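Here is the structure we will look at.
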Amino acid sequence: MKRTAAMLGLILLCLALLDTGVAVVLHWAEAQGRMGSLVRYFDYGRSVPGKLARWEADPDAPGSLYNVAWRPDALAVSAAGFADEATDTGPVIRSYGMSFVNDIIAAARDQDPDLLWDNLAGPGAPPNFTYALFQEDRANRRRGDIAVLGILSSSVPAMAALSSRSWVFEQPAPYTYPIFQPEEDGLKRIEPLVTSVAQEHALASDPAQARAWADQLAERDAFYSPITFGAVWLDASPLARLVRRSLGTAHVSQTKADILAGSGYPYVEVLDRMIVDFARTARADGQIPIVVLVQTRNPVNVDVLTVARPGLERANVAYLATAEHFDPTDISGFVSDGHYTSEVNARFGTVFLALVEAAQTQR
């Protein structure tokens, strides 16, 4: 027994020395600006608060998404652009999406340079973000404009999240959005307590608000977990970061699978109501609604067209479903970061232009 205990103690001591040695090397490498890929590899396992604290200290650090896609900032830019627009230049494409939707419309503009376009987007934005922006940007659209709602298959489970910090563990953009729940024949909107980058900054000096925000995440956000948010002090240990990265990514994957299996959040019903209300609101304002359904290559994603089809049919709304024009299982159509190639986006752009032309002709 004593021999076993001694051996265990020796192993632990060796691990501690190894951990300390790795920590020293990583600290030196970061200070010298060397071995960037190795430093980032270990940084992926930091807690969410640990990552955000480092980004807040240096918002321009490589990979930082600290200041990205906050709704008040996006809406302020939209309002300023709207105020400067000429009112007699024809319809404007008003898109609410993410990089995938931006790529499609940019490809359409390459084919038709006269296309006018204003976009509000967030990295990997889920439908609750794009739909909320569509609602909030209503004053910055005119009659005759084309409103585009983007829905990304890989982000559908995040409809049960209040922030990208909870479900994108390795690069947790802190921007926030509401959670929508069915209520009578509409949707109930649950706003996050933090909605702006200024409020995010203020958490460091307001423990009561920070606690209230953490409590709301724990209560409302399906992806929140002590695995990814707790024990920030363990960030000092590179080995602990490796363990947290493994556990954290597994937690996020399992939560997504549970949601898509119908556990805990009625994403199918909510998405259906979003689509119907999007079309109804756009038409009430004299605008043309178009839904863009992007199917990414991840094989565990929801089949977004199948899920959205009932709402699309009930609303009788024009849509572009990428899966109808390119097989998402064909890896030749994707670049290394998971986006579609320029050639495939050009194909989608052609379809989008045809949808716009057909919708305008039918008015």
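Counting Lys and Arg as +1 and Asp and Glu as -1 over every other residue whose Cβ lies under 10 Å from the Cβ of ASP235, the net charge comes to +4. Of the residues ASP84, ASP58, ASP145, the one with the largest accessible area comes first in the ranking ASP84, ASP58, ASP145, computed with a 1.4 Å probe on protein heavy atoms.
Taken over the stretch 128-183, the convex hull of the Cα atoms encloses 108 Å³ per residue. Other residues with beta-carbon under 14 Å from the beta-carbon of GLY122 carry, at +1 per Lys or Arg and -1 per Asp or Glu, a net charge of -1.
Secondary structure note: in the stretch 35-363, about 25% of the DSSP beta bridges are antiparallel. The sum of -39500 (n - 2.57) across all DSSP H runs of n ≥ 4, divided by the residue count of the chain, sets its helix-only mean residue ellipticity at 222 nm to -16500 deg cm²/dmol. Membrane-span-like helices of the chain, defined as complete DSSP H segments with a Cα extent of 27 Å or more along the helix axis and a mean Kyte hydropathy of at least -0.5, are identified as 2-32, 238-260, 342-362. Legend: residues ASP88, ASP137, ASP277, sorted from most to least accessible area (1.4 Å probe; ligands, DNA and RNA excluded), read ASP88, ASP277, ASP137. Rolling a 1.4 Å probe across the protein heavy atoms gives the chain an accessible surface of 47 Å² per residue.
Residues whose amide H comes within less than 5 Å of that of LEU320, counting only those at least five positions distant or on another chain, are VAL291, VAL292, LEU293 (H built at 1.01 Å from N in the peptide plane). Heavy-atom surface analysis with a 1.4 Å probe gives the chain a carbon and sulfur content of 57 percent of its accessible area.
Sum up the charges of everything whose Cβ sits under 15 Å from the Cβ of ASP327, counting Lys and Arg as +1 and Asp and Glu as -1, but leave ASP327 out. That sum, taken over residues with Cβ under 15 Å, equals -2.
In terms of accessible area, using a 1.4 Å probe and ignoring ligands and nucleic acids, ARG245, ARG141 rank largest first as ARG245, ARG141. Counting only Cβ charges, +1 for Lys and Arg and -1 for Asp and Glu, the dipole size of the chain around its Cα centre is about 1100 debye.
Looking at the stretch 36-188 alone, DSSP beta bridges between its own residues are antiparallel in about 30 percent of cases.
Structure remark: mean-square fluctuation, Gaussian network model of the chain, C-alpha springs under 10 Å; the largest value among ASP118, ASP185, ASP103 belongs to ASP185.
Between ASP114 and ASP327, what is the FRET efficiency for a Förster distance of 35 Å, r being their Cβ-Cβ separation, to the nearest 0.05?
FRET efficiency, ASP114 to ASP327: 0.65.
Sorted on the mean count of surrounding Cβ atoms within 10 Å across their residues, most packed first, peptides 247-257, 301-311, 285-295 read 285-295, 301-311, 247-257.
Amide H to amide H, with H built 1.01 Å from N, LEU116 comes under 5 Å of ILE93, counting only residues 5 or more places away or on other chains.
Using the Cα atoms of the stretch 85-137 to build a convex hull, what is its mean projected area in square nanometres?
Over all viewing directions, the stretch 85-137 projects a mean Cα-hull area of 4.0 nm².
The values are calculated or read from the model by the stated rules, or taken from the named source; none is laboratory data. Fair warning: this is a prediction, and the values are worked out from it, not measured in the lab. Here Cβ is always computed from backbone atoms with ideal geometry, including for glycine, and neighbour counts include all displayed protein chains. Just the protein is used for accessible areas: all its heavy atoms, side chains included, with ligands, DNA and RNA removed. Shrake-Rupley method; radii C 1.70, N 1.55, O 1.52, S 1.80 Å.
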